[in-house]
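Below is one structure, written out as structure tokens, with a few remarks after it.
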Ligand SMILES: CC(C)(COP(=O)(O)OP(=O)(O)OC[C@H]1O[C@@H](n2cnc3c(N)ncnc32)[C@H](O)[C@@H]1OP(=O)(O)O)[C@@H](O)C(=O)NCCC(=O)NCCS
């Protein structure tokens, strides 16, 4: 076995790499989140970003089969001490040291890149005990331990019309606001306000003991991320604007991998001084209404919420989201040698 870096111009290699990712998710996680090949390929083919570098590795057998894969994310302008990683070993090749070999290569890259903190998300289905999780045992053996937890919640679609109408009662509590909806690109007139909310989101989202600093999102960064995301993903964004003074009070974003049947409820934020008017529900509902109208083939929505984030958790259970997995973010902080 040798560890190689994925050549993204090699279509066969891209397919083989993605197949390992997909087979792994389907084997381990009955309610796992999956991107589509199309969304993966489009992201892989993008040129370098000034904000972010992704390294994709494969553990290749002598015959050229991929036994396992890894993806390493390196932020380039903030959090330059940090690397986030994901390792997937094909179910037929477990307990043979493949995962460890990929991790050792990642350690070498991190040392060369001066990254001292390593983080990874691990998923435990709700019916499995954390003590028995291969992912957590594997991580602990390499010195990575849980520092943050979230529930991975899934909402089956389509939602019944009566349920949508019930949720629409949030409208009455937030009549002072208009909701504006857009797709992959925020309209120029709202872009400064949207950047302020994205920056606030980065500060407010609970991250436990993860050694990560909030990001500042300026217009240049937002435009760059919108352009890259839209290559492989469709976005639906709803934002609330107070009628009296046009101040933005919050936003919610859905992302859909191109092709496929799933969608992800990504950020939802209500700015501190606008809380208490059920804006979170109204904004999420606005994105769901667009999803239902424009993408009727999507059969589930996925989201992630910290169990102690009571306001957001309650909003999600009102929609009918059910906890299917616990996400443990594991971390190793080591001084560089
Ligand atoms: C977790 C995962 C990457 C491990 O890959 P692997 O190639 O089987 O791991 P290794 O063979 O290198 O195992 C190293 C050690 O991890 C521990 N470990 C791995 N799988 C385990 C399991 N099912 N039960 C108990 N311990 C386990 C053991 O200590 C093992 O050493 P040993 O085999 O000498 O006892 C693999 O199960 C996988 O892809 N799971 C799904 C995706 C995932 O959860 N990734 C981890 C997040 S980055």
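Across the range 211-222, what is the number of residues that are surrounded by fewer than 16 Cβ atoms within 10 Å (Cβ to Cβ), in contact (Cβ under 8 Å) with a residue 24 or more places away in the chain and over 19 Å from residue 250 (Cα atoms)?
Filtering the range 211-222 for residues surrounded by fewer than 16 Cβ atoms within 10 Å (Cβ to Cβ) gives 213-214, 216, 218-220.
With the extra rule that they be in contact (Cβ under 8 Å) with a residue 24 or more places away in the chain, the set shrinks to 213, 216, 219.
Pick out the ones that are also over 19 Å from residue 250 (Cα atoms) and you get 213.
Count: 1.
Within the range 304-337, work out how many residues are surrounded by 18 or more Cβ atoms within 10 Å (Cβ to Cβ), touching a residue at least 60 places away in the same chain (Cβ under 8 Å) and more than 16 Å from the ligand (Cβ to nearest atom).
4
Evaluate the following for residue 131: is it farther than 19 Å from residue 81 by Cα, at pLDDT below 95 and within 16 Å of the ligand (Cβ to nearest atom)?
yes
Determine which member of the set 301, 288 is in a helix (DSSP H, G or I), away from the ligand (no atom under 16 Å from the Cβ) and either within 19 Å of the chain's Cα centre (by Cα) or touching a residue at least 24 places away in the same chain (Cβ under 8 Å) (or both).
None of the other options fit; the residue is 288.
Identify all residues within the range 259-285 that are surrounded by fewer than 24 Cβ atoms within 10 Å (Cβ to Cβ) and out of contact with any helix residue (DSSP H, G or I) (no Cβ under 7 Å at 6 or more places or on another chain); write none if there are none.
260, 261, 262, 264, 266, 272, 273, 274, 275, 276
Of the residues 72, 57, 102, 118, which is over 27 Å from residue 258 (Cβ atoms), in a strand (DSSP E or B) and either within 16 Å of the ligand (Cβ to nearest atom) or assigned by TED's automatic domain parsing to the domain that holds residue 222 (or both)?
Among 72, 57, 102, 118, only 118 is over 27 Å from residue 258 (Cβ atoms), in a strand (DSSP E or B) and either within 16 Å of the ligand (Cβ to nearest atom) or assigned by TED's automatic domain parsing to the domain that holds residue 222 (or both).
Filter the range 195-217 down to the residues that are out of contact with any helix residue (DSSP H, G or I) (no Cβ under 6 Å at 6 or more places or on another chain) and more than 24 Å from residue 150 (Cβ to Cβ) and list them by number.
Once the filter is applied, which keeps residues that are out of contact with any helix residue (DSSP H, G or I) (no Cβ under 6 Å at 6 or more places or on another chain) and more than 24 Å from residue 150 (Cβ to Cβ), the range 195-217 yields only 196.
Output the number of the condition that residue 156 fails; it satisfies all remaining conditions of (1) within 20 Å of residue 263 (Cβ to Cβ); (2) exposed (fewer than 14 other Cβ atoms within 10 Å of the Cβ); (3) modelled with pLDDT under 95.
So residue 156 meets the others, but not (3).
Cβ-Cβ distance below 7 Å, separation of 6 or more or different chains: which pairs start in the range 62-86 with a residue that is within 18 Å of residue 14 (Cα to Cα) and end on one that is part of a strand (DSSP E or B) and at pLDDT below 95?
73/52
If you scan the range 304-337, which residues turn out to be in a strand (DSSP E or B) and out of contact with any helix residue (DSSP H, G or I) (no Cβ under 8 Å at 6 or more places or on another chain)?
Correct list: 304, 322, 323, 324, 325, 327, 329, 331, 332, 333.
Find the residue count for the range 1-39, including only residues that are within 16 Å of the ligand (Cβ to nearest atom) and either within 26 Å of residue 157 (Cβ to Cβ) or touching a helix residue (DSSP H, G or I) at 6+ places or on another chain (Cβ under 8 Å) (or both).
18
Across the range 76-97, what is the total count of residues that are in contact with a strand residue (DSSP E or B) (Cβ under 6 Å, 6 or more places away or on another chain), under 21 Å from residue 327 (Cβ atoms) and either more than 7 Å from the ligand (Cβ to nearest atom) or part of a loop (DSSP other than H, G, I, E, B) (or both)?
Qualifying residue count for the region: 3.
Residue 38 - would you say it is assigned to a helix (DSSP H, G or I), surrounded by 14 or more Cβ atoms within 10 Å (Cβ to Cβ) and in contact (Cβ under 8 Å) with a residue 60 or more places away in the chain?
So residue 38 fits the description; yes.
The values are calculated or read from the model by the stated rules, or taken from the named source; none is laboratory data. Worth saying up front: this structure is predicted, and the values here are computed from it rather than measured. Note: ideal-geometry Cβ built from the backbone for every residue, glycine included; neighbour counts use all protein chains shown.
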